[in-house]
Amino acid sequence: MWFQVERSDRKTLTQQVYEQLRHFILNGDLKTNEKLPSTRELATSLGVSRNIILEVYDQLVAEGYLIVKPRSGTFVAPGSVFNKHEYQDTLISKELFAKTVKDIIDFKAATPAMDHFPRKAWGRLAKEVCYDAPDSIFGYHSPEGIPELKEELARYLLRTRGVICNPNQIMITSGATQALSLITEIVIKNKEYVAVEDPVTDEMRTIFTYGGAEIYPIPVDAKGIKPEFLSQENPPGFVFVLPSHQFPLGGTLSIQRRIQLIEYARKYNCYIVEDDYDSEFTYEGTPVHSVQGLDPEKVVYVGTFSKILSPALRIGYVVLPTGLIDEFKKLKWYKDRHNSTLEQLILTRFIKEGFLERHVRKMKRIYKQRREALVNSLKKHFPDCSILGHAAGMHLVVQLQSIEYNTQLINWIQEHSVQIYSVDHYSINKGTHCDKIVMGYGSLSVDIIEEGVQRLKNAIDSYQF
Ligand SMILES: Cc1ncc(COP(=O)(O)O)c(C=O)c1O
């Protein structure tokens with residue numbers, strides 16, 4: 001036979017023979033109706049026991065690749081050849097794609113430093129929790145999350161963000177994404193709409209529209225959302241804001257506008273949904289308190305561990321006004337019962353034993369360095385550039401020169417192996433922010449940042465405007 005088996009391979013001999021034959025059939029190397037060698041012949045040629053070949057033939061017959069004709073032998077069944085070229089082309093293009101993507105320096109915003117996940121502390125706590133926790137943690141639990149974590153979070157949020165709540169108001173969710181999606185389902189009824197900052201991430205818009213809401217854009221300037229653009233005739237179900245660090249423009253909502261928002265919500269009986277996704281990382285001045293602290297019954301406060309730890313954990317939370325608690329719990333139960341109790345316990349210990357605040361302090365230093373590297377590099381290569389927004393989070397917005405970042409230019413830049421994002425990409429009303437780009441630096445080392453800006457410079461210098 002035209003293949004061999006490897007006794008040192010981790011795969012069993014049966015598995016190896018099965019996979020090879022299946023591959024030859026799918027690929028068309030063994031043609032439809034072609035006769036296979038007898039089990040005895042194949043066993044001798046491969047130097048394996050006949051039982052192995054019998055087992056493999058049985059399996060392939062059961063799956064429809066082979067048919068047995070009594071007193072004639074075993075044949076390749078019609079219809080089991082898969083289009084070889086298409087299949088291989090797909091594989092090749094995927095390989096090429098992976099190679100190209102690997103070389104690109106991607107200034108994607110909101111990606112945290114994956115190289116700094118606190119593996120050691122998390123791993124140790126995970127082991128301890130798994131060994132020491134009572135058997136009951138391996139059963140079902142209530143949808144809102146474990147009380148220990150909610151209590152830790154309530155203390156942490158009051159201390160760091162001025163969030164005022166009882167632990168009962170906190171619901172643990174699968175990231176901010178799930179929190180926002182469930183809030184939309186609960187609050188938006190009778191075709192009400194959500195007022196959103198414009199620009200805003202497309203992910204957030206999608207969450208609201210999938211949740212059944214229309215969206216209505218409200219313009220943003222350097223001080224955040226402009227409340228005077230909220231409708232006085234037809235108020236929304238809620239206003240979605242990123243007051244600490246607007247995405248993407250980076251403004252911090254002024255206290256006057258915070259008050260205006262709360263007054264609006266009180267007057268029109270709607271909610272303010274505050275997404276506080278990256279407020280831990282502020283590099284100038286002191287972080288402003290949450291809007292929630294101004295009126296806990298009018299503000300739904302959403303937070304996440306995706307930026308301070310890792311999005312892979314899928315842990316976020318929402319602090320609810322008391323009137324929304326029961327309905328939220330019911331919906332959360334129906335969606336996924338509850339988040340992993342093991343992960344919640346690990347996180348509880350991580351906060352309780354001081355690892356979280358230590359990690360945040362360390363990451364703040366690292367992100368600050370990365371931000372400075374990006375700002376310095378931009379100023380070196382584009383001396384006239386302006387950096388916009390508050391020095392916070394993991395991204396900045398920059399105006400390099402008076403350039404319009406249309407698709408053609410973005411593609412040209414990408415051909416120079418660097419990926420940047422136009423602010424206009426995030427705009428609902430297009431055309432206002434075409435001269436600005438968003439650059440994320442959270443997951444890029446200082447050297448890569450410098451190299452990325454150099455590539456950007458080369459791309460812009462060689463573009464035919
Ligand atoms: C504005 C905003 N909020 C929150 C998140 C975090 O979502 P999650 O907690 O589901 O990972 C993101 C993700 O990029 C985001 O852009």
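The values are calculated or read from the model by the stated rules, or taken from the named source; none is laboratory data. Worth saying up front: this structure is predicted, and the values here are computed from it rather than measured. Here the Cβ positions follow ideal geometry from the backbone for every residue, glycine too, while neighbour counts run over all protein chains shown. Side chains included, ligands, DNA and RNA excluded: accessible areas come from the protein's heavy atoms. Shrake-Rupley method; radii C 1.70, N 1.55, O 1.52, S 1.80 Å.
Tabulated data
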| item | result |
| --- | --- |
| Yes/no for K330 being away from the ligand (no atom under 16 Å from the Cβ) and under 22 Å from F138 (Cα atoms) | yes |
| Test: residue in segment 213-227 that is more than 16 Å from the ligand (Cβ to nearest atom), buried (at least 24 other Cβ atoms within 10 Å of the Cβ) and not in a helix (DSSP H, G or I) | yes |
| Restricting segment 170-186 to residues that are open to solvent by 10 Å² or more (accessible area, probe 1.4 Å) and closer than 15 Å to V319 by Cβ, the residue that is farthest from the chain's Cα centre (by Cα) | I186 |
| Per-region count, segment 314-327, residues within 16 Å of the ligand (Cβ to nearest atom) and surrounded by fewer than 23 Cβ atoms within 10 Å (Cβ to Cβ) | 1 |
| Residue check, N429 out of contact with any helix residue (DSSP H, G or I) (no Cβ under 9 Å at 6 or more places or on another chain), closer than 19 Å to V200 by Cα and surrounded by fewer than 17 Cβ atoms within 10 Å (Cβ to Cβ) | yes |
| Residue in segment 414-425 that is closer than 21 Å to N458 by Cα, among the small types (G, A, S) and open to solvent by less than 20 Å² (accessible area, probe 1.4 Å) present | yes |
| Selected residue (only one of P147, P235, P167 is open to solvent by 30 Å² or more (accessible area, probe 1.4 Å), touching a Lys or Arg at 6+ places or on another chain (Cβ under 6 Å), away from the ligand (no atom under 16 Å from the Cβ) and without any contact (Cβ under 8 Å) to a residue 60 or more places away in the chain) | P167 |
| Of all residues in segment 179-206 being within 14 Å of the ligand (Cβ to nearest atom) and part of a loop (DSSP other than H, G, I, E, B), the one that is nearest to P219 (Cα to Cα) | P199 |
| Set K362, K368: member being modelled with pLDDT of 95 or more, touching a helix residue (DSSP H, G or I) at 6+ places or on another chain (Cβ under 8 Å) and open to solvent by 70 Å² or more (accessible area, probe 1.4 Å) | K362 |
| Residue, modelled with the lowest pLDDT, within segment 99-144, restricted to residues that are open to solvent by less than 60 Å² (accessible area, probe 1.4 Å) and in contact with a strand residue (DSSP E or B) (Cβ under 7 Å, 6 or more places away or on another chain) | A110 |
| Close pairs (7 angstrom Cβ cut-off, 6 or more residues apart or separate chains): touching a residue at least 40 places away in the same chain (Cβ under 8 Å) in segment 191-213, within 11 Å of the ligand (Cβ to nearest atom) and of a type in the set (G, A, S) anywhere | none |
| Segment 36-85, subset touching a residue at least 40 places away in the same chain (Cβ under 8 Å) and within 13 Å of L13 (Cβ to Cβ), residue most open to solvent (accessible area, probe 1.4 Å) | E55 |
| Some residue of segment 352-368 being of a type outside the set (S, T, N, Q), under 23 Å from the mean Cα position of the chain (by Cα) and under 15 Å from M439 (Cα atoms) | yes |
| Residues located in segment 317-358, provided they are aromatic (F, W, Y) and assigned to a helix (DSSP H, G or I) | F328, W333, Y334, F350, F355 |
| Flag if S174 is polar (S, T, N, Q), within 16 Å of the ligand (Cβ to nearest atom) and farther than 30 Å from P219 by Cβ | yes |
